[in-house]
Amino acid sequence: MAFSRFTRAFALASVLASTAFSASAEELTVATFVPPQHHSNTVLFAWFAEELEARSGGTMTMQLFPAGQLGAGPVQQYKRAVEGVADITFGVTAYTPALFPRTMLAIPPGASNSSAEATVRIWSAFDEHLAEEYADVKVIALSTAAGLGIAATQDVSTFECMQGAKIVPYAAMTTPIIEAMGAVPVQMPVSEMYTGLSTGTIDGAYATYNNMTPPWNFWDVTTHFVTNVPVQHAVIFVVMNRERYEGLSDEHRAIIDELAGEAASMKLAEGCDGADERSLEMMMANTDKSYELVAVTDDERAKMDAAVADGMQAIFADYAGRGIENAEEIYNAINQ
């Protein structure tokens, strides 16, 4: 009889323990619009998944849905996080600029020439100047892809060559800068730039080294990749549905807090800068393409920098007209 009672008690305890484990197990869904092989997936999210599982003892995992599986296109990525279509989403601020006017001030040329440099500066200004734009979500990462060159079908390495050239900037907000250089800004998503370059719809586009090689393959349709230009930045966010985050256990929230912020952001920057390094190596080793690597001279760069300064004043004036009087202060804080 005693043995039977013990057996029943043990069985009940086992069921309760199993139920408790099941109740505490969490799988976070992640939605991206980029393909599975994109470096954000292979570096940032691979690291994030490993860390979640290791730190939680397997009670918190992640499932990635790349290439728009939870909704096509990049425009709705922030909304998908807010509405809980996915627990976590990956997006680019320039696709919904009205949501992130202050964060967008990290896009124009400034003090940073790489994703890592820009990421450090963004986070140094985040709490004071940018955090209010993310009140509806939990920010996992905020970084950039550094547009450190112009992929073009003509030489645009001099101020004279830039006159009248149709150039795609990283965001519409930088239109005054492109115009101050004498070029004609054309808005176009990266997915259409290959065709635009091949058909002559555009003469060039701000790009990373990674845009030149697979999967984008701009090196097939360009004659020049121009470096030492004023660097523009595509600001990238990874955000989590706030209710989902707040509904986690204290232990699981603590793990998210440890990974989120600068840690995840620097991992994202590592992926972007690493992809550029690998692509540059491919470009230097490849002898089958007909494009030319050209660096802007210091004299010509000085002219471009002066145009940037003029363009920024127009941008600040536009911000003031929209009620953001301290745009220059925010830009300077991001570029300290």
| field | Tally of residues being touching a strand residue (DSSP E or B) at 6+ places or on another chain (Cβ under 8 Å), within 19 Å of A234 (Cβ to Cβ) and in a helix (DSSP H, G or I) across segment 175-189 | value | 3
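Go through segment 144-164 residue by residue and tally those that are open to solvent by 30 Å² or more (accessible area, probe 1.4 Å) and assigned to a helix (DSSP H, G or I). So that I can check it myself, show each step before the final result.
Initial filter on segment 144-164 (open to solvent by 30 Å² or more (accessible area, probe 1.4 Å)): 148, 153-155, 158-161, 163-164.
Next, only the ones that are assigned to a helix (DSSP H, G or I) stay: 159-161.
Adding up the residues that qualify gives 3.
Considering segment 295-311 alone, what residues qualify as being touching a strand residue (DSSP E or B) at 6+ places or on another chain (Cβ under 7 Å), of a type in the set (A, V, I, L, M, F, W, C) and either closer than 12 Å to I178 by Cα or open to solvent by less than 10 Å² (accessible area, probe 1.4 Å) (or both)?
Selection gives V296, M304, V308.
Among the listed residues I167, I202, identify the single one that is in a strand (DSSP E or B) and either open to solvent by less than 40 Å² (accessible area, probe 1.4 Å) or in contact with a Cys (Cβ under 7 Å, 6 or more places away or on another chain) (or both).
Numbers: I202 fails: in a strand (DSSP E or B).
Matching residue, one of I167, I202: I167.
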| message | Just to be sure I understand, how many residues within segment 173-192 are at pLDDT 95 or above, open to solvent by 10 Å² or more (accessible area, probe 1.4 Å) and among the hydrophobic types (A, V, I, L, M, F, W, C)? | response | 4
| Residue satisfying all of: in segment 273-294; at pLDDT below 95 and of a type in the set (S, T, N, Q); least open to solvent (accessible area, probe 1.4 Å) among these | N286
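Okay, residues lined up against (1) open to solvent by 20 Å² or more (accessible area, probe 1.4 Å); (2) touching a residue at least 60 places away in the same chain (Cβ under 8 Å):
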residue	(1), (2)
A207	no, yes
D220	yes, yes
T223	yes, yes
V226	no, yes
P230	no, yes
H233	no, yes
I236	no, yes
G247	yes, no
D250	yes, no
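Among the residues of segment 258-268, write down those that are farther than 16 Å from F126 by Cα and either open to solvent by 50 Å² or more (accessible area, probe 1.4 Å) or hydrophobic (A, V, I, L, M, F, W, C) (or both).
The initial filter retains those residues of segment 258-268 that are farther than 16 Å from F126 by Cα, namely 258-259, 267-268.
Scanning segment 258-268 gives E258, L259, L268.
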| query | Does segment 103-128 hold any residues that are buried (at least 22 other Cβ atoms within 10 Å of the Cβ) and of a type outside the set (A, V, I, L, M, F, W, C), and which are they? | reply | T103, P108, P109, G110, S115, T119
| remark: The residue that is farthest from V168 (Cα to Cα), considering only those in segment 84-102 that are open to solvent by less than 10 Å² (accessible area, probe 1.4 Å), within 13 Å of the chain's Cα centre (by Cα) and among the β-branched types (V, I, T), is T89
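The values are calculated or read from the model by the stated rules, or taken from the named source; none is laboratory data. Quantities reported herein were computed from a predicted structural model and do not represent experimental measurements. A quick note on method: Cβ atoms are made from the backbone with ideal geometry, for glycine too, and the neighbour counts reach across all protein chains shown. These accessible areas exclude ligands, DNA and RNA; they are computed on the full protein's heavy atoms, side chains included. Shrake-Rupley method; radii C 1.70, N 1.55, O 1.52, S 1.80 Å.
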